[in-house]
Each structure stands twice: as structure tokens, then as C-alpha cells.
1. Can you tell me which residue among E81, E62 is more than 16 Å from ligand 2 (Cβ to nearest atom), within 28 Å of P281 (Cα to Cα) and of a type outside the set (S, T, Y)?
2. For a quick check of your reading of the model, give me the residue pairs whose first member lies in the stretch 28-51 and is within 16 Å of ligand 1 (Cβ to nearest atom), whose second is among the basic types (K, R) and at pLDDT 95 or above, with beta-carbon atoms closer than 7 Å and at least 6 apart or on different chains.
3. Find the helices (runs of 4 or more DSSP H) located wholly in the stretch 220-312 whose residues include 1 or more that are open to solvent by less than 50 Å² (accessible area, probe 1.4 Å) and closer than 15 Å to V161 by Cβ, and list them.
4. Please determine, by comparing only the residues of the stretch 266-324 that are more than 16 Å from ligand 1 (Cβ to nearest atom) and hydroxyl-bearing (S, T, Y), which one is nearest to the chain's Cα centre (by Cα).
5. Between V37, V67, which is more than 16 Å from ligand 2 (Cβ to nearest atom), touching a Phe, Trp or Tyr at 6+ places or on another chain (Cβ under 6 Å), among the β-branched types (V, I, T) and not in a helix (DSSP H, G or I)?
6. Is there a residue in the stretch 79-96 that is in a helix (DSSP H, G or I), of a type in the set (S, T, Y) and closer than 21 Å to C279 by Cα?
7. If I filter the stretch 61-87 down to residues being out of contact with any Lys or Arg (no Cβ under 8 Å at 6 or more places or on another chain) and within 16 Å of ligand 1 (Cβ to nearest atom), which single residue comes out as most open to solvent (accessible area, probe 1.4 Å)?
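The values are calculated or read from the model by the stated rules, or taken from the named source; none is laboratory data. Because the structure is a prediction, the values reported are computed rather than measured. Counting neighbours? That spans all protein chains shown, and the Cβs are built from the backbone with ideal geometry, glycine included. All accessible areas refer to the heavy atoms of the entire protein, side chains included, with ligands and DNA or RNA removed. Shrake-Rupley method; radii C 1.70, N 1.55, O 1.52, S 1.80 Å.
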Amino acid sequence: MKHLLSLEALSATDLEAILSRVNGFKSNRYQHSRPLVGQTWGLIFSKSSTRTRVSFEVGLRELGADVIFLNANDIQLGRGEPIQDTARVLGRMLHGAVIRTFAQSDVEQFANFSGIPTINALTDEEHPCQILADMFTFEERRGESLRGKVVTYVGDAACNVPASWIFAAAKRGFELRLAAPKNYQPAEGLLRRAGGAPGPARPSAPADAAFWYFPSGTQISLTNDLNWAATGADLLYTDVWVSMGKEAESTQRIADLSGFQINEGLVRRARPNALVMHCLPAYRGKEIDAETLEKNADTIFAEAENRLHVQKAIVDWMVDGSQS
Ligand code: CP
Ligand code: NVA
């Protein structure tokens with residue numbers, strides 16, 4: 001049985017197998033096979049969602065399934081029924097599950113106890129569907145592979161989205177620069193889990209920059225110098241400063257992250273053909289300015305649309321019995 005619980009747990013081969021299916025679904029939206037006919041899939045969400053919810057509901061239906069949306073607060077899970085029990089009940093009724101929640105361990109336990117294909121639709125630790133869609137979008141719009149390119153992430157580099165970028169970079173061999181204040185940089189343990197080891201600084205790097213090296217040839221750097229990080233980048237990427245679940249820290253985060261913004265000044269440092277992407281929702285004037293968001297709206301909303309096509313490819317890969 002295949003799951004998509006994290007990019008950490010997804011092999012490089014499976015990652016490529018998923019991405020290689022996307023064009024088939026995108027170019028042929030209503031004519032492709034419908035492997036889920038007769039099945040019912042459940043979406044179990046403990047956090048808000050626009051893109052993920054709608055793209056999964058629509059995509060699963062286009063693959064032939066019926067879909068049930070369960071707000072975690074409306075089921076007994078929200079009143080404290082253990083995830084293991086919820087999983088054993090739903091696993092006897094549903095054919096697959098898509099879960100958005102806080103703890104990564106809840107998605108993993110659901111997969112273990114339910115016995116049905118399970119997808120991580122965002123946890124505090126990872127957002128694998130988003131980064132698969134982001135990589136597809138970059139390659140679609142640039143017409144070339146991400147391998148060897150430079151991806152610069154600006155903002156809160158310690159949340160779920162950059163964590164998935166770290167595992168993606170380690171598997172696919174592109175350079176990742178994370179520009180964030182020290183307290184918003186990923187933990188060393190995460191970089192080690194991705195297979196990295198600390199190494200020498202590159203010439204002319206900022207004094208605070210830390211460099212990590214990976215067997216795939218990937219380099220990941222951490223710095224608070226966003227101007228250095230953006231220089232020569234192929235992709236500038238950001239996410240919200242206040243992730244879901246962090247609302248109580250909102251004032252502090254906005255103060256700490258002030259300036260870690262993608263704006264026209266930063267874009268000018270990147271390559272002339274660089275893309276600007278945002279997983280959305282966007283907070284104009286915070287992690288991105290309004291002008292830059294609007295100038296790059298074509299890319300950013302194609303990125304959102306691609307969630308649909310990429311997730312159909314994920315589900316198709318999961319239920320395809322012809323591949324291990
Ligand atoms: N990018 C993303 O996951 O959006 P939603 O929170 O709207 O699902
Ligand atoms: N880091 C953000 C992503 C939103 C799609 C959050 O977790 O809220």
C-alpha cells in the first residue's frame with residue numbers, strides 16, 4: 001500500500017514517478033482513466049483550507065470517487081477520540097484519506113491503523129503536495145528541469161513548506177537558499193535527516209551563512225542576508241509569516257520577520273528569467289508586496305491550479321497496482 005505522508009519518506013524514484021504523470025492529467029483533464037469509480041474517499045481537516053480542500057475534492061471526483069469532507073471538529077476526533085480508533089473505523093468504510101492536521105504523527109498513525117491509502121494535506125512538519133505542485137510549475141513554466149537551479153526561500157524558513165523544500169532539494173539536486181532570521185531557520189536535525197552534513201562556507205558568502213552538503217550534490221545554505229540569497233536565483237519563493245497554529249505569536253513574528261519580503265528590489269537581484277512563487281494565501285505587505293504578487297499572478301495562480309493536476313497524479317500513483 002502506498003501513502004504520501006511526507007517528502008522525507010518519498011523515494012527520489014517515486015517522486016519522479018508522480019511528476020511524470022502530471023502532464024497526462026493536465027492536458028487531458030476530463031478524458032483520462034477513472035481508477036476510483038465505486039470508491040469513497042474522506043478529507044479529514046483540522047485546519048482551514050481553500051486550495052487543498054477544493055483541489056482534492058474536485059480531483060478525486062474527476063478520478064471517479066465520491067468524497068466526504070469531515071471537519072475534524074464535527075467528528076468525535078474533535079472531542080478527543082484517539083486517532084487510532086478514528087482510523088480503524090474510517091478504514092473500514094473509506095477507500096482513501098486526505099488529512100490536514102497539526103501533528104505529523106497523527107497522519108502516520110492514521111495510515112498505520114486505517115489500512116487505506118493516506119495523503120498528508122499539510123501538517124506542522126510538511127506540505128508535500130504543495131512542493132510537488134511547485135516543482136511541476138517551475139518546470140512547466142521554464143521548460144527545463146530544476147536540477148542545478150537555485151531556489152531561494154524568503155521568510156519563515158522553519159515551517160512546513162520550507163521543510164518539504166529541503167527534502168525535495170536533497171532528492172532532486174537543486175540548490176536551496178533559505179533566507180530568514182536565525183530563530184526562523186530550520187533545525188540542524190532536519191538537515192541531517194535529509195542526508196546533509198555541514199561544510200565549508202562558499203567564497204564571498206555572508207559571515208552568518210551556514211552551508212550544508214548532500215550526497216545528491218545539493219547545497220543548502222541558511223542566512224539572514226536575503227539580498228545575497230536572492231542574487232542569481234532561478235526561483236524566489238515565500239510563504240506566510242504566521243502559519244496556522246502560530247496565531248498567538250503573530251505580533252512577535254511580524255516584528256521578527258519584517259523585511260524578509262519578496263519585492264521588486266529583491267526580484268532585480270535574481271536572474272532575469274527568475275520565477276516568483278507563493279503557495280498562498282498571500283499577505284500583501286508582509287512576505288510579498290502587492291506589486292510583485294500582481295506582476296507574477298500568472299505563475300502564482302497557475303501554481304495554485306497545478307495542485308489539482310499534481311494531486312490527481314499522486315492519487316493515481318498511489319492506487320496504481322502495476323508499480324510497487
Ligand atoms: N497552499 C495551500 O495549501 O492553500 P490552502 O491552505 O488554501 O489549502
Ligand atoms: N505554512 C503555512 C502554509 C499554508 C498553506 C501554514 O502552515 O499555515
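1. Residue meeting the stated conditions: E62.
2. Close Cβ pairs (under 7 Å, with a partner that is among the basic types (K, R) and at pLDDT 95 or above) amount to L43/R53; F45/R53; F45/R100; S46/R100; K47/R100; S49/R100; R51/R307.
3. Once the helices (runs of 4 or more DSSP H) in the stretch 220-312 are filtered for at least 1 residues that are open to solvent by less than 50 Å² (accessible area, probe 1.4 Å) and closer than 15 Å to V161 by Cβ, what remains is 250-257.
4. T292
5. V67
6. no
7. Residue satisfying both the conditions and the ranking: N71.
A quick yes/no check of all residues on (1) open to solvent by 20 Å² or more (accessible area, probe 1.4 Å); (2) more than 14 Å from F136 (Cα to Cα):
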position: E8; (1), (2): yes, yes
position: I18; (1), (2): no, no
position: N23; (1), (2): yes, no
position: N28; (1), (2): yes, yes
position: Q31; (1), (2): yes, yes
position: V37; (1), (2): yes, yes
position: T40; (1), (2): yes, yes
position: I44; (1), (2): no, yes
